[in-house]
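The values are calculated or read from the model by the stated rules, or taken from the named source; none is laboratory data. The structure displayed is predicted, hence computed values, not measured ones. Using ideal geometry, Cβ is built from the backbone for each residue, glycine included, and neighbour counts are taken over all protein chains shown. Accessible surface is based on the protein model in full, side chains and every heavy atom, while ligands, DNA and RNA are left aside. Shrake-Rupley method; radii C 1.70, N 1.55, O 1.52, S 1.80 Å.
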Amino acid sequence: MSRTVLVTGGSRGIGLALSREFARRGDRLLWASLKAQEIEDGRRALLADHPDAQVEGLPIDLSAPGTPEEVVNWALSRAERIDALVNNAGFGAYGLSKDIAFERERAMIAVNVSALHALTRAFIPVMEDAGGGSIVNIASNSAYQPAPGLAVYAATKAFVKHYSEALAAELKEAASPVRVLTVCPAAVRDTDFKTDADMAHIRTFDSIATTTAEEVARDIVRGLETGKDFVLTGAAMRRSYLLMKLLPAPAVRWLVRRELAGV
Ligand SMILES: NC(=O)c1ccc[n+]([C@@H]2O[C@H](COP(=O)([O-])OP(=O)(O)OC[C@H]3O[C@@H](n4cnc5c(N)ncnc54)[C@H](OP(=O)(O)O)[C@@H]3O)[C@@H](O)[C@H]2O)c1
């Protein structure tokens, strides 16, 4: 039976790569993304590879108040049940927090944190009533430690990681049929994220631990299919992380600063 998957930011980058994986499995897709043109371009790209794919999009600014509720109403008007929700829409801003426009940081917190939280809260009861479902929350490897140069972005992703992991445990203990998968992608080489965040010149996108949107998508689907509740995406990142666990905290902080410096 075909499942319906709601992906925020499904029209490009990681969201589009993940949508290709779902389409390959015959799943129907609902996208909530910022720009109508990106939705149209992403839809055309998806259909070129999967001509039978079912995909509909809602152009919406998730940084604006009340928009997560609009997404919930729209999705439930399109499908009887939502089998999976992927909270993927998000963006970053590189620089000194004191120099970044306040409105840009406010919008980042609204999209990366508030919209993710509102959509997660709204779909838990919907999925429980329907007998089950999966919520995939995209954090980042920036979630592990404070990151000067990415202060607010890393803090939003720390929220996503802590909240989602705790929620997964709570739902499991309560025997809820809803599961939560937390995803921490390494720096992705081939999406627009780094340019939009003014980070194209930053070392981390050039390091040995980078990944691609396709690898992130494959790791997420494998995580869902094998019942994981946490995925650190990218084989190179997983190897680096094992090494980092052996280092003392000051050495890790030094490495993070080095990774976030320009090349
Ligand atoms: N790229 C990385 O290195 C990396 C690493 C770790 C985690 N992540 C996380 O992975 C997720 C996806 O990143 P990506 O690399 O695929 O980035 P991307 O290519 O820039 O795509 C971001 C997506 O989010 C949507 N979006 C942004 N602001 C929005 C808003 N205000 N309202 C609604 N939708 C909005 C965009 O919609 P439009 O297409 O309409 O513009 C786009 O589809 C993000 O949460 C990011 O923080 C990325």
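If only residues of region 21-33 that are within 15 Å of G57 (Cα to Cα) and of a type in the set (G, A, S) are counted, the one that is surrounded by the fewest Cβ atoms within 10 Å (Cβ to Cβ) is A23.
Residue check: R218 meets all listed conditions (1) crowded, with 20+ Cβ neighbours inside 10 Å; (2) part of a helix (DSSP H, G or I); (3) touching a residue at least 40 places away in the same chain (Cβ under 8 Å) but one, namely (1).
Can you name every residue in region 124-150 that is surrounded by 15 or more Cβ atoms within 10 Å (Cβ to Cβ), closer than 23 Å to F22 by Cα and of a type in the set (G, A, S)? If the condition is that a residue be surrounded by 15 or more Cβ atoms within 10 Å (Cβ to Cβ), closer than 23 Å to F22 by Cα and of a type in the set (G, A, S), then A130, G133, S134, A139, S140 are the ones that fit.
Kindly evaluate R121 against the criterion of being surrounded by fewer than 20 Cβ atoms within 10 Å (Cβ to Cβ), modelled with pLDDT of 95 or more and of a type in the set (K, R). For R121, the condition - surrounded by fewer than 20 Cβ atoms within 10 Å (Cβ to Cβ), modelled with pLDDT of 95 or more and of a type in the set (K, R) - is met. Looking only at region 237-254, decide whether some residue is under 22 Å from G42 (Cβ atoms) and either open to solvent by less than 40 Å² (accessible area, probe 1.4 Å) or near the ligand (Cβ under 10 Å from one of its atoms) (or both). So far as region 237-254 goes, no, none of its residues is under 22 Å from G42 (Cβ atoms) and either open to solvent by less than 40 Å² (accessible area, probe 1.4 Å) or near the ligand (Cβ under 10 Å from one of its atoms) (or both). Scanning region 8-20 for any residue that is modelled with pLDDT of 95 or more, surrounded by fewer than 19 Cβ atoms within 10 Å (Cβ to Cβ) and either within 17 Å of D196 (Cα to Cα) or over 16 Å from the mean Cα position of the chain (by Cα) (or both) turns up nothing.
So that you can scan it fast, the table gives a plain yes or no per residue for (1) in a helix (DSSP H, G or I); (2) farther than 28 Å from G223 by Cα:
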| site | (1), (2) |
| --- | --- |
| V7 | no, no |
| G10 | no, no |
| G15 | yes, no |
| L18 | yes, no |
| E40 | yes, yes |
| G57 | no, no |
| P65 | no, yes |
| L76 | yes, no |
| L85 | no, no |
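Considering only region 187-211, state which residues are more than 15 Å from S240 (Cα to Cα), within 10 Å of the ligand (Cβ to nearest atom) and not aliphatic (A, V, I, L, M). Across region 187-211, the qualifying residues are R189, D190, T191, D192, F193, K194, T195, D196.
With respect to A110, is the statement that it is among the small types (G, A, S), modelled with pLDDT of 95 or more and within 11 Å of the ligand (Cβ to nearest atom) true? Criteria met by A110. Scanning region 177-213 for residues that are closer than 21 Å to L119 by Cα and surrounded by fewer than 18 Cβ atoms within 10 Å (Cβ to Cβ) gives a single hit, P177. In this structure, is N137 within 18 Å of K172 (Cα to Cα), modelled with pLDDT of 95 or more and within 11 Å of the ligand (Cβ to nearest atom)? Yes; evaluated as a whole, the condition is true for this residue. Scanning region 56-70 for residues that are within 21 Å of A23 (Cα to Cα) and either within 8 Å of the ligand (Cβ to nearest atom) or crowded, with 22+ Cβ neighbours inside 10 Å (or both) yields a single hit, P59.
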